[in-house]
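Beneath this line is the structure, given in structure tokens, with notes to follow.
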Amino acid sequence: MKKILCFLMAAVLILCCGCTNSEQPDNRPAEDLLEEYLKNIESFETPVREYGKTASRILLEGNLMAGILYPETEIEALNEAVSQWVEKTVSYYLEETDTIKNQSEPAELTVAYDSCVYSSKYVSIKMSGTYIAEYMAHPVDITKTFNADIETGKLLSLNDILIEGKIKTVEKTVIKKAGVKSSDVDKKLLDNWFLTKDGLEITLNRGEYLPMSSGTKTVFFPTDELKGILKGTREETSGTQEETTKAEETPQTSQSETVPEKEDNNDKTVISPNKPMIALTFDDGPSAHTERLLDIFEKYGGKGTFFVLGNLIKGRESTLKRISNQGHEIGNHSWNHRQFTKLDEKDLTDQIMMTRAKILDVTGKDCLIVRPPYGACNDDVRAIGKELGVSYINWSVDTLDWKSKNAKAVYNETMKNVKDGAIILYHDLHKTTVDAMEKIIPELINQGYQLVTVTQLLTYQGQSLEAGKMYYKQSKSTK
Ligand code: ZN
């Protein structure tokens, strides 16, 4: 990733220095840069989510902004362990930030997850993220893993999946490869293990077993090296060509490419400029609930705007295509929900352009509207937006659906605050929000509102989308 970033920055510099005749066509600003990101799309860090459905714990409380994505699975013990850890982590950082003073902005805790199935037998979950606060010199890296046996539903320690006595071999290798002093070794050294079809990963968090300056360290054992270590595998013996592992047969939970790509956005709906109109906007998807939301729109009519996270698109390409094909609007909500006002130019450019490239790659359409996570914007963010040719869109009504997680409350908030010209904020990551939409969408249509996309709404208000400009202020509390 780092290499790609350097490369992309070089591309930015070349563009900015004017070494090339960088006259860009009006319809696709920053086109050369976008091409570079498209070329490197395979290297974007995308989570692997082979198991569980995504749930979230998002809050803005006191001095802390937290966004944690975690899996909900069919294994109860795993769900319990993960949600306990999420709550413990949130309370820890709430307490940590409670005492800090003179911060111009809240601290930010961002955690996401990967989930892998190994040989149809084991599930491995890796929660990873960062905590960033003004008072700290470096961000804190966070890694925590959970493992379970799919059949028995029991949590697993590394020792449970290794051939007897082999834990020592693994330990020795980790100590040697990571450079841990033997006096620092304790029983928890191998606690953060993550097993994929490619191999076994053991993570030592920054400062845990190594000096802070060494950062977070990961020791990786490729599948080949696990032969004779992992249960169910045998060491290669000369002469017999025995099959040693079924690792390659990990089932792929591929959800993409199953929906026929029919274009049905030759919309017959005519927007009447004299009738009230509103824009329903959905952040933090695409999720497991987005398809149902699209069904509701299909049933009752109207269009929405979906501000998607770039790193959630993989595995849900067909959902993204469906959003686009049904004539809804797709917006950019960053790659992994980082707060824009805390990023330097390079990281902010990555957040916007990686997502833009991913959307273009999947839907064939370039997307120039961006909703900053938490609605956070400042002059620097606006300046970079201008360079990249994107406009920022916040909202006028916040339904606090992420906080209430209650369909009735989401419905009530909507009905209480809706008026002509409103841009309403929801999150299609939550089942309860989509539950609420079953009632909200037909009700708004009954009340005579035209449900239009953000761009349609602004256009009918006589506003043209300008690069680097923020449309709509955020209301007080949100994510
Ligand atoms: Zn968001």
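The values are calculated or read from the model by the stated rules, or taken from the named source; none is laboratory data. Computed from a predicted model, the values in this text were never measured in an experiment. Because the Cβ atoms are built from the backbone with ideal geometry, glycine has one as well, and the counts that use them run over all protein chains shown. These area figures cover heavy atoms from the full protein model, side chains too; ligands, DNA and RNA do not enter into them. Shrake-Rupley method; radii C 1.70, N 1.55, O 1.52, S 1.80 Å.
None of TYR70, TYR51 is aromatic (Phe, Trp, Tyr), within 16 Å of the ligand (Cβ to nearest atom), open to solvent by 20 Å² or more (accessible area, probe 1.4 Å) and at pLDDT 90 or above except TYR70.
Within region 320-348, if we keep just the residues that are open to solvent by 10 Å² or more (accessible area, probe 1.4 Å) and part of a helix (DSSP H, G or I), the residue that is modelled with the lowest pLDDT turns out to be LYS342.
Given the structure, is GLU151 open to solvent by 80 Å² or more (accessible area, probe 1.4 Å), acidic (Asp, Glu), over 21 Å from ARG234 (Cα atoms) and assigned by TED's automatic domain parsing to the domain that holds ASP114? For GLU151, the condition - open to solvent by 80 Å² or more (accessible area, probe 1.4 Å), acidic (Asp, Glu), over 21 Å from ARG234 (Cα atoms) and assigned by TED's automatic domain parsing to the domain that holds ASP114 - is met.
Of all the helices (runs of 4 or more DSSP H) wholly in region 396-479, which have at least 2 residues that are of a type in the set (Asp, Glu)?
431-446
Might you check whether a residue that is part of a helix (DSSP H, G or I) and open to solvent by less than 30 Å² (accessible area, probe 1.4 Å) occurs anywhere in region 387-395? Scanning region 387-395 turns up at least one residue that is part of a helix (DSSP H, G or I) and open to solvent by less than 30 Å² (accessible area, probe 1.4 Å).
Matching residues to (1) closer than 22 Å to SER404 by Cβ; (2) assigned to a strand (DSSP E or B); (3) among the basic types (Lys, Arg):
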{"site": "GLU80", "(1), (2), (3)": "no, no, no"}
{"site": "VAL86", "(1), (2), (3)": "yes, no, no"}
{"site": "TYR92", "(1), (2), (3)": "no, no, no"}
{"site": "ALA112", "(1), (2), (3)": "no, yes, no"}
{"site": "SER115", "(1), (2), (3)": "no, yes, no"}
{"site": "MET136", "(1), (2), (3)": "no, no, no"}
{"site": "ASP141", "(1), (2), (3)": "no, yes, no"}
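Restricting region 288-316 to residues that are small (Gly, Ala, Ser) and out of contact with any Lys or Arg (no Cβ under 8 Å at 6 or more places or on another chain), the residue that is nearest to the ligand (Cβ to nearest atom) is GLY304.
Please work out which residue is modelled with the highest pLDDT, limiting yourself to region 349-374 and to residues that are within 16 Å of the ligand (Cβ to nearest atom) and among the hydroxyl-bearing types (Ser, Thr, Tyr). Among residues in region 349-374 that are within 16 Å of the ligand (Cβ to nearest atom) and among the hydroxyl-bearing types (Ser, Thr, Tyr), the one modelled with the highest pLDDT is THR355. Of the listed requirements (1) within 16 Å of the ligand (Cβ to nearest atom); (2) open to solvent by 50 Å² or more (accessible area, probe 1.4 Å), ASP401 misses just one: (2). Note on region 353-386: residues that are touching a helix residue (DSSP H, G or I) at 6+ places or on another chain (Cβ under 8 Å), assigned to a loop (DSSP other than H, G, I, E, B) and crowded, with 23+ Cβ neighbours inside 10 Å amount to 1. Residues of region 94-126 that are more than 17 Å from PHE340 (Cα to Cα), of a type in the set (Ser, Thr, Tyr) and either in contact (Cβ under 8 Å) with a residue 40 or more places away in the chain or buried (at least 21 other Cβ atoms within 10 Å of the Cβ) (or both): THR97, TYR113, SER115, TYR118, SER119, SER120, TYR122, SER124. Of the residues making up region 107-137, those that are more than 15 Å from THR89 (Cα to Cα) and polar (S, T, N, Q) are SER115, SER119, SER120, SER124. Within region 286-302, identify whether any single residue is open to solvent by 20 Å² or more (accessible area, probe 1.4 Å), modelled with pLDDT under 95 and either at negative phi or touching an Asp or Glu at 6+ places or on another chain (Cβ under 9 Å) (or both), and answer yes or no. Yes, region 286-302 contains a residue that is open to solvent by 20 Å² or more (accessible area, probe 1.4 Å), modelled with pLDDT under 95 and either at negative phi or touching an Asp or Glu at 6+ places or on another chain (Cβ under 9 Å) (or both).
When the criteria are applied in full, LYS439 meets the requirement of being at pLDDT 95 or above, among the basic types (Lys, Arg) and more than 16 Å from the ligand (Cβ to nearest atom). Here are some residues: LYS177, LYS144. Which one is basic (Lys, Arg), under 23 Å from the mean Cα position of the chain (by Cα) and open to solvent by 50 Å² or more (accessible area, probe 1.4 Å)? Just a single option satisfies the conditions, and that option is LYS144.
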